[in-house]
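Below is one structure, written out as structure tokens; the observations come after it.
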Amino acid sequence: MTPSATAGSTSSAADGRKSGDLYRNYVDDRAANAQDTLYTTSNGVPMPHPYESQRCGENGPLLLQDFHLIDLLSHFDRERIPERVVHAKGSGAHGFYKTTNAADDLSLADIFQEGKTCPITVRFSTVGGESGSHDCARDPRGFSVKFRTDEGNWDLVANNTPVFFLRDAAKFPHFIHTQKRDPATHLTHADDSTMFWDYLSQNPESVHQVMILMGDRGIPDGYRFMHGYAGHTMKLINKNNEWVYAQIHMKSKQGTKFLTQEEAGTKGPDYSQKDLYYAIENGEFPSWDLSVQSMTLKQAEELWETQRINVFDLTHVWPQGQFPLRKIGEFTLNENAKNYFAEIEQVAFNPSHMPPGIEPSADPVLQSRLFSYPDTHRHRVGVNYQQLPVNSSRTSYRMGNFQRDGSMAFYNQGSRPNYLSSIEPISFRNRSVNLDKVHGHFIGEAVSFLSEIRKEDFNASRALWEKVWDDDARERFIGNISGHMANCHKDEIIKRQIGIFREVSDDLATRLEKATGITGYPGISGLRFNGTHNGLAKDKSLRSANGMEGEFLATAGGNNGAPTTGTHKPSALIASNGTH
């Protein structure tokens, strides 16, 4: 018996470590070559060969006592975790961020001090498809960045489009269901697009995103050649507790490229993954500028009053002519994952992960995501998902909280008290943000709110059709959308969608009628929608969504969820306008 293993010993290793200090090292394991490892069972027992098994004689049945075989099969049966309900197919890499232009006048976040850097992990993805679906599907692209700042992780959850299909939070699960397989035929909308167009034709606020999806930006040429947009309005708070609304953009330094529908059909199913991986392997490191648009609280109110643009509406955009982009920093991806599952499949982004100086706005879809994202991670990966190396923060201080136990608790905070102890007190840092000033005092009666479609909801789409696209882009759009509609088996759905497009442009609707052979409605004033109130209906009986008689609160001339004059307290307006 060695001295370290004697009865009176306090250690069990030659280097003096105690038994509780012995563990496998993640970084060492990640970097190890196969030649440096020894084949063992999961409990570390060496085995002579991975393919052998115990039998009762050479031609007899297998033996239950063969732990090696049982260990192998049992883990194999469980080696998949649930795929993401949304954004299941994705790619990712690691890199670094650097603040090139200080933004401390906007935010007290430490990461926005000039010259500050931090490691990052980025995951790109499609939205509606399954984990084995095609990279070149016509679909929005997810674009999420995990900034490991000195004040904790900041997860910027974004898409490659500045808007989305909806602005009412409760619609999201229903919308995603229509992008999945049909419950009866089990077909995707590549073969049966009826569900897809049925939803869109009943929820006209989706039209701007539909036009982006069916236009040239609908199939990016890989992940390196696309921009990213948070879409949601955030708040940035400076050290004086003065705050502004902000939109965050990530602009590709490689520029943007797209694939036509025909070109996409010639690409392999993992085209974007292959492009990203080998670009990094070959030293062609992709990078993006991080920029913001900002506006004061008073400007947000005026933007609604004068232009009917709602900063809390995920289907609206901020005009860059009025609110120009301001570059803050840039980031580069220069390191591929060593293990895709550990570093990309298990990476978990959460829009409620914000360091001091960044706060959420009252955007209802953002508010719902603050709950939904961490909730799905706890289900999909486990309650201690943030202890996984790819998700853990890299702060200089030792983290402490009272979240203990649960499945796979690796960092379980030792023998420290699991409550607020006066015997062994935990340390605290004073709050750097005055929440009483940066969050509104919401006082009012509870209301059952559903937005309504209004004439201003078509302005951005009309500008896209008339001012942004050239005629070749318009023709490609008509070809893309009519081709997809060919798999929709209800002409009534197409007639309704053409009526929605006619509110954007009669030229657009007329071209689509010619391409599909179906005459659409003259507009939406004579339609009732099951998903949204129709503020353009001429007949009052058609205004309420799904015929909700007695429940529809008429909001014509109202705010439709926007911040109107008086939304923000006077003290907040004065502080904001006086500084920015």
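The values are calculated or read from the model by the stated rules, or taken from the named source; none is laboratory data. Keep in mind that this is a model prediction, so the values were computed, not measured. So basically every Cβ, Gly included, is an ideal-geometry build from the backbone, and we count neighbours across all protein chains shown. The protein model used for the area step is the full one, side chains on, heavy atoms only, and it has no ligands, DNA or RNA in it. Shrake-Rupley method; radii C 1.70, N 1.55, O 1.52, S 1.80 Å.
Numbers at a glance
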read-out	value
Residue 453 accessible area, assembled protein chains, probe 1.4 Å, Å²	0
Simple Cβ-charge dipole of the chain, Lys/Arg +1 and Asp/Glu -1, about Cα centre, in debye nearest 20	920
Charge dipole (debye, nearest 20) of segment 114-183; +1 at Cβ of Lys and Arg, -1 at Cβ of Asp and Glu	160
Charge dipole (the chain, unit charges on Cβ, about Cα centre) - positive-most of 469, 86, 441	441
Farthest toward positive dipole pole in the chain [+1 Lys/Arg, -1 Asp/Glu at C-beta], among 547, 44, 212	547
Set 253/274; 514/540; 257/327; 89/116; 171/569 screened for pairs whose C-alpha atoms are more than 27 Å apart	514/540; 89/116; 171/569
Accessible surface, segment 100-200, averaged per residue in Å² (probe 1.4 Å)	32
Centre separation in Å (Cα based) which lies between segment 136-195 and segment 467-537	22
List 373, 419, ordered by accessible area with a 1.4 Å probe, largest first	419, 373
Pair residue 427, residue 100: separation of 7 Å Cα→Cβ label points (nm)	3.6
Rounded FRET efficiency, nearest 0.05, which uses the C-beta distance separating residue 467 from residue 510 and R0 of 25 Å	0.85
Local electrostatic count at residue 516 - Lys and Arg +1, Asp and Glu -1, tallied over other residues with Cβ under 12 Å	+1
Approximate shape of segment 214-311 as ellipsoid semi-axes (Cα gyration tensor, √5λ), whole Å, largest first	36, 19, 8
Projected area averaged over orientations for segment 361-404, convex hull of C-alpha atoms, nm²	4.5
Kirkwood Rh, Cα atoms: Rg over Rh of segment 395-538	1.32
Histogram of C-alpha separations across segment 191-254, 5 Å bin width, %	4, 12, 14, 17, 16, 14, 11, 7, 4, 2, 1, 0
Leading residue at positive end of dipole, the chain (Cβ point charges), from 535, 481, 172	535
In segment 416-511, trypsin sites (Lys or Arg not before Pro) in a DSSP loop with at most 14 other beta-carbon atoms within 10 Å	429, 431, 490
Shape box of segment 318-367 [Cα atoms, principal axes, largest first, Å]	44, 27, 21
Nearest 10 degrees, 0 to 90: helix 67-76 Cα axis against the chain principal axis	10
With all protein chains modelled, accessible area of residue 565 [1.4 Å, Å²]	100
Solvent exposure of segment 363-515 as accessible area per residue, Å², 1.4 Å probe	63
Linear extension gain, residue 399 paired with residue 370, 0.36 nm per residue minus alpha-carbon span	8.2 nm
Ranked order, 226, 399 - accessible area, probe 1.4 Å, largest first	399, 226
Apportionment of accessible area to carbon and sulfur, the chain, percent (1.4 Å)	52
Angle between the chain longest axis and helix 570-579 axis [Cα atoms, degrees, rounded to 10]	80
Globularity ratio of the chain, using Cα Rg and 2.2 N^0.38 Å	1.11
Exposure rank, largest accessible area first [408, 295; 1.4 Å]	408, 295
Heavy atoms of residue 335 accessible to a 1.4 Å probe, total area in Å² rounded to 10	70
Whole-Å semi-axes of the ellipsoid equivalent to segment 61-191 (Cα gyration tensor, √5λ, descending)	37, 27, 12
Accessible surface, segment 297-350, averaged per residue in Å² (probe 1.4 Å)	39
Residue 62 paired with residue 539, simple spin-label distance in nm, labels 7 Å along Cα-to-beta-carbon	6.7
Principal-axis tilt of helix 271-281 within the chain, Cα atoms, nearest 10 degrees	50
Cα-projected label distance for residue 439 with residue 42, points at 7 Å along beta-carbon direction, nm	4.2
Student exercise, segment 297-337 dipole from Lys, Arg, Asp, Glu Cβ charges, in Debye to nearest 20	120
